[in-house]
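What follows is a set of notes on a single structure, which appears directly below.
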Amino acid sequence: EAAHKQGAILCANIEAEHFTSHRGTRIEVTTDPLGGDFNSSYLDSTDYMSYRINVPQTGTYRLEYRVASPTGGTVILGRDGTDLAVTNVPNTGGYQNWQTISTTVSLQAGTQFLTVYVQAGGWNLNWWRLTPQ
């Protein structure tokens, strides 16, 4: 799959449940028509999922999240305690009503641990991806 011990392959979906470490994350079967067998579910404030990522070059990347939520929330991509990108999760109409949201993020080249932090919970995450701009 996209994420493994050697690091995730960019431009491919990074399955939410393929974290290297986490807090508070539950896994469930997804009904997302855009793929993935499972999603991280019922994410609450202070939950997180960390991933080992190999960033091929320093630069700006399109950051996409595949989310579902009956209420909305906030997700932060961070590294070493620094917030790199803060993105609002919209109310999509339910925990299995999926929508792709995006922003941009500046990243340094190299293998690193990136963490998806749940700032305001009440949503599910199926996958996320980074695409060079």
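The values are calculated or read from the model by the stated rules, or taken from the named source; none is laboratory data. Remember, it's a predicted structure, so these values are computed and weren't measured experimentally. Cβ coordinates were reconstructed from backbone atoms using ideal geometry, including for glycine residues, and neighbour counts include every protein chain displayed. Ligands, DNA and RNA are stripped out before the accessible areas are found, and what is left, the full protein with its side chains, is counted by its heavy atoms. Shrake-Rupley method; radii C 1.70, N 1.55, O 1.52, S 1.80 Å.
May I ask you to give the percent of accessible area on the stretch 9-106 that is carbon plus sulfur, with a probe radius of 1.4 Å?
Numbers: 2100 of 4620 Å².
That fraction is 45 percent.
Largest first, what is the accessible-area ranking of 38, 19, 113 with a 1.4 Å probe? Write down the numbers at each step before the final one.
On the way: 38 85, 19 50, 113 110 Å².
Result of the area sort, largest leading: 113, 38, 19.
Go through 22, 38, 69 and say which Cα lies farthest out towards the positive end of the charge dipole of the chain; charges sit on Cβ, +1 for Lys and Arg, -1 for Asp and Glu.
Working it through, the farthest residue towards the positive pole turns out to be 22.
Got a number for the accessible area of residue 76? Probe 1.4 Å, square angstrom, nearest 10.
So the heavy atoms of residue 76 present about 10 Å² to solvent.
For a paramagnetic label modelled at 7 Å from the Cα of residue 46 toward its Cβ, which residues of the stretch 118-133 fall within the zone defined by backbone nitrogen distances under 14 Å?
Residues 118-121 fall inside that zone.
Please report the Cα spread of the chain along all three principal axes, rounded to whole Å, starting with the longest.
37, 27, 26
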